[in-house]
Structures are given as structure tokens and as C-alpha cells.
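Chemist: Structure below; questions to follow.
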Amino acid sequence: MEHAWDRLLNNEVVVCDLLAVLAAAEQGPLQALLGTSSEISVRREASTGGGRADLLISDDTGVVAVVEVKLSADEHGDQLAKYQTAHPAARLFYASLEQEVGGLDSRWKPIDLSELFALWTGAGDATTRAMAEQARRFTSMLSQESRGPLGAPGRSTASLPIALRRTAAQLSRTSPGLGTSAGKTSGGGNPLMLAWKESSTRPGLWWVVDVRCRNRYDSDMAWDLRLGLEADRTLLPLRNRLMTDMLDGLRTPAVKKALDTPVATISAADEHQGLKSTPRAPRNLPVEKLCFYDRRGAVIYTRHRLDVSRLDSHGLGELINRSLGYLAALADAAPDFAVGDPAE
């Protein structure tokens with residue numbers, strides 16, 4: 001049963017559908033939330049003039065509330081602002097598994113998803129009560145798990161993206177100039193988090209840290225820590241030279257020595273020491289093609305196995321900050337960076 005709820009509530013669309021089903025079965029809980037006795041209706045993915053809202057609640061006077069549900073995805077652009085503009089008189093609710101949601105306009109009221117489902121645990125219909133109680137219990141468990149170690153035994157996979165979003169929000173608040181994004185890989189849907197910071201002396205060059213789960217259904221919760229550089233097209237030659245100069249510092253033993261803490265440890269068992277392959281003279285390839293992994297040509301990086309059995313969202317934020325600082329220090333010590341060679 002737990003695995004079934006894990007898969008079911010790992011999807012924002014399904015969560016919204018379930019809320020709409022509960023609202024259709026019994027209006028009373030939503031009426032109490034809104035402080036109205038008027039008959040209401042709930043529409044899913046309804047056009048607002050500024051996008052499609054997750055839940056649009058109306059009475060005979062028009063739209064009275066908008067509910068936006070967030071699990072693991074970030075807000076798409078300025079969608080919340082568009083909903084505000086489209087429905088200036090409506091009450092606005094931001095439902096998530098976060099106890100603290102930063103960056104919301106004051107008109108949006110944060111509400112915990114477990115509390116939202118709890119509205120129907122006293123419903124008159126037994127089936128409605130049972131569904132609401134299961135959803136309330138599971139979303140409450142996800143919220144608690146998302147604050148524990150990423151690799152805790154028996155952890156629900158649905159809680160992982162929530163923990164990464166919390167880390168991204170923490171870094172955005174505490175680290176000026178740092179860019180973050182938390183979501184899932186496009187291929188396997190595995191949780192990942194990206195953080196990047198532009199060089200203070202070389203605009204167009206960014207230090208990049210990528211932390212991702214290899215397989216969220218694997219019992220050993222294998223994770224990668226990827227350290228790399230991204231550059232504007234005109235700076236690609238400089239990026240390649242820098243990464244080559246930084247090569248020794250990007251091998252797993254050096255990375256482990258620089259970044260290991262009691263809660264974040266990097267495995268030393270790596271055949272190529274974090275590189276794509278070991279440099280060999282007979283190979284007629286540039287070092288950056290031979291040694292480094294490549295993401296769509298923009299980012300080249302090394303990859304290291306990360307033990308997350310004791311690493312929570314706060315510790316992950318600290319690891320990412322240390323990693324970005326380590327990349328910047330390696331670059332500062334590189335000859336190409338120090339002498340300020342122009343891009344080729």
C-alpha cells in the first residue's frame with residue numbers, strides 16, 4: 001500500500017486530481033476553508049488568462065479562490081503573478097509540503113498539503129474519509145522524511161525532490177549571486193539539484209555543481225556529485241584549458257580530501273578517479289574530450305560517487321557551497337586563469 005501511495009502522490013497532477021475528487025464528493029470542507037456557505041465548484045487545469053491553475057474554485061459570483069499545488073517542480077516563470085492579475089479578488093493558496101515557503105507574494109497563503117487533505121478526514125462519506133486520511137497520513141510522512149537524510153533506509157522516493165527544493169530555497173536565501181534549480185532528470189525522473197555561480201573576474205564563466213540520484217528505486221540510493229564549468233560559446237577554449245589545468249584537483253582523491261565531512265563522504269572506489277577515462281598518450285583526442293563528461297556541450301565535469309546515508313537538505317546546501325568555493329579556488333590557481341589569457 002505504501003508503495004502504491006508513493007507512486008500515486010509522486011505526481012502533482014494526480015495530487016490535484018485527488019483534491020478535485022474529494023471536493024466533488026463533499027463541498028463542506030472547502031466552504032469552511034473559504035468561510036462561505038455558497039455552493040462552489042472546483043475546476044482542474046482551468047485557463048486563467050495567465051496559464052492553467054491547478055484548482056480554480058468558483059461560486060455564483062465568479063472565481064473565489066485559486067489553489068496552486070507544488071511537490072517537486074519549480075514555479076514556471078511568473079505564473080503566480082499571472083494568476084493574481086487574472087483573479088484580483090480571489091483568495092490564493094499555495095499548497096506544498098514545505099513549512100516555510102520563501103519568495104511568495106503576501107497575497108498567497110501557504111498551506112501544508114497534509115492539512116489540506118485533513119479537511120476531508122471528517123467527511124460524512126466513508127470512502128471520502130478513507131481516501132483523505134490516507135493522503136493526509138502519507139503527505140505528512142513525506143514532509144517529515146524530507147527533513148531527514150537523503151539515504152535513510154525505507155525512505156519514500158517522493159520525499160527526495162522535496163528535500164532538494166528545500167536546499168535550493170535555503171541557498172537562494174543565504175548565498176547571494178548563486179543560481180539554483182531542483183527537479184528531476186528528463187530521462188529517468190530521478191531527483192537532481194543544480195547550483196551555479198558566475199566567476200567574479202570572468203563574466204560568462206560559471207562554476208557548476210550537480211547533485212543527482214542515479215536510481216531513486218535502488219536500495220543503496222546511489223548519488224553523484226558532479227563538478228564542472230560552464231561557459232559562453234566565446235569562452236569555451238578558456239573553459240577547456242582551465243578544466244585541463246584543474247585536472248589533478250578534480251580527481252576523486254583530491255575532491256574527497258577537500259570536501260568530505262562526517263555527513264557527506266565521497267567514495268574512493270572509482271576506477272577512473274571521477275574522470276570519463278584515464279588520459280593515455282596514444283589517444284588522438286584533446287584532454288577535455290577524453291577526461292571529462294559533457295552535458296550538451298555547455299558544461300564539462302567530473303563525476304564522483306556521493307554517500308548520502310547521513311546527508312540531509314541542510315548538509316547538502318553546505319556541501320554545494322564548499323564545492324563551488326573549491327572550483328573557484330582551483331581555477332584561481334590555474335595558469336590560464338591567473339594570467340588572464342583572452343578567449344581564443
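The values are calculated or read from the model by the stated rules, or taken from the named source; none is laboratory data. Keep in mind it's a predicted model, so treat the numbers as computed, not measured. Virtual Cβ from ideal backbone geometry, glycine too; neighbours counted across all protein chains shown.
Chemist: Please determine, by comparing only the residues of the stretch 148-171 that are small (Gly, Ala, Ser) and more than 15 Å from residue 70 (Cβ to Cβ), which one is modelled with the highest pLDDT. Quick ask: steps written out before the conclusion?
Modeler: Here is the first cut: in the stretch 148-171, the ones small (Gly, Ala, Ser) are 148, 151-152, 154, 156, 158-159, 163, 168-169.
Next, only the ones that are more than 15 Å from residue 70 (Cβ to Cβ) stay: 148, 151-152, 154, 156.
Details: 148: 90, 151: 87, 152: 86, 154: 79, 156: 78.
Ranking the candidates gives 148 first.
Chemist: Does residue 163 count as farther than 19 Å from residue 300 by Cβ, under 17 Å from the mean Cα position of the chain (by Cα), among the small types (Gly, Ala, Ser) and buried (at least 21 other Cβ atoms within 10 Å of the Cβ)?
Modeler: Working: farther than 19 Å from residue 300 by Cβ: yes; under 17 Å from the mean Cα position of the chain (by Cα): yes; among the small types (Gly, Ala, Ser): yes; buried (at least 21 other Cβ atoms within 10 Å of the Cβ): yes.
Here the answer is yes, as residue 163 does meet what is asked.
Chemist: Taking the stated definitions as given, is residue 135 at pLDDT 90 or above and either charged (D, E, K, R) or crowded, with 17+ Cβ neighbours inside 10 Å (or both)?
Modeler: Taking the combined requirement at face value, the residue satisfies it.
The rows are residues; the columns are (1) assigned by TED's automatic domain parsing to the domain that holds residue 315; (2) among the aliphatic types (A, V, I, L, M); (3) modelled with pLDDT of 85 or more.
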{"residue": "241", "(1), (2), (3)": "yes, no, yes"}
{"residue": "246", "(1), (2), (3)": "yes, yes, yes"}
{"residue": "249", "(1), (2), (3)": "yes, no, yes"}
{"residue": "257", "(1), (2), (3)": "yes, no, yes"}
{"residue": "261", "(1), (2), (3)": "yes, no, yes"}
{"residue": "265", "(1), (2), (3)": "yes, no, yes"}
{"residue": "271", "(1), (2), (3)": "yes, no, no"}
{"residue": "275", "(1), (2), (3)": "yes, yes, yes"}
{"residue": "286", "(1), (2), (3)": "yes, no, no"}
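Chemist: Collect the residues in the stretch 14-37 that are more than 16 Å from residue 131 (Cβ to Cβ) and touching a residue at least 24 places away in the same chain (Cβ under 8 Å), keeping them in residue-number order.
Modeler: 32, 33, 34, 36
Per-residue answers, yes or no, for (1) closer than 20 Å to residue 310 by Cβ; (2) within 19 Å of the chain's Cα centre (by Cα); (3) surrounded by fewer than 19 Cβ atoms within 10 Å (Cβ to Cβ):
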{"site": "198", "(1), (2), (3)": "no, no, yes"}
{"site": "206", "(1), (2), (3)": "no, no, no"}
{"site": "209", "(1), (2), (3)": "yes, yes, no"}
{"site": "213", "(1), (2), (3)": "yes, yes, no"}
{"site": "216", "(1), (2), (3)": "yes, yes, no"}
{"site": "225", "(1), (2), (3)": "yes, yes, no"}
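Chemist: So, residue 202, is that one under 27 Å from residue 113 (Cα atoms) and charged (D, E, K, R) or not? Working first, answer last.
Modeler: Working: under 27 Å from residue 113 (Cα atoms): no; charged (D, E, K, R): yes.
So residue 202 does not fit the description; no.
Chemist: Sticking with this structure for a sec: Return the only residue of 37, 58, 47, 72 being assigned by TED's automatic domain parsing to the domain that holds residue 125 and either modelled with pLDDT of 90 or more or among the β-branched types (Val, Ile, Thr) (or both). Can you show your working first?
Modeler: On the way: 37 fails: either modelled with pLDDT of 90 or more or among the β-branched types (Val, Ile, Thr) (or both); 47 fails: either modelled with pLDDT of 90 or more or among the β-branched types (Val, Ile, Thr) (or both); 72 fails: either modelled with pLDDT of 90 or more or among the β-branched types (Val, Ile, Thr) (or both).
Just a single option satisfies the conditions, and that option is 58.
Chemist: Out of the stretch 129-147, which residues are touching a residue at least 24 places away in the same chain (Cβ under 8 Å) and within 16 Å of the chain's Cα centre (by Cα)?
Modeler: The first filter runs over the stretch 129-147 and keeps only residues touching a residue at least 24 places away in the same chain (Cβ under 8 Å), leaving 131-132, 134-135, 138-140, 142-143, 146-147.
142, 143, 146, 147, listed by residue number.
Chemist: Those residues that are within 19 Å of residue 206 (Cα to Cα) and at pLDDT below 80, I need them from the stretch 290-309; list them, please. Before the answer, list the steps.
Modeler: Taking the stretch 290-309 as the starting set, the residues that turn out to be within 19 Å of residue 206 (Cα to Cα) are 292-303.
Result: 295, 296, 297, 298.
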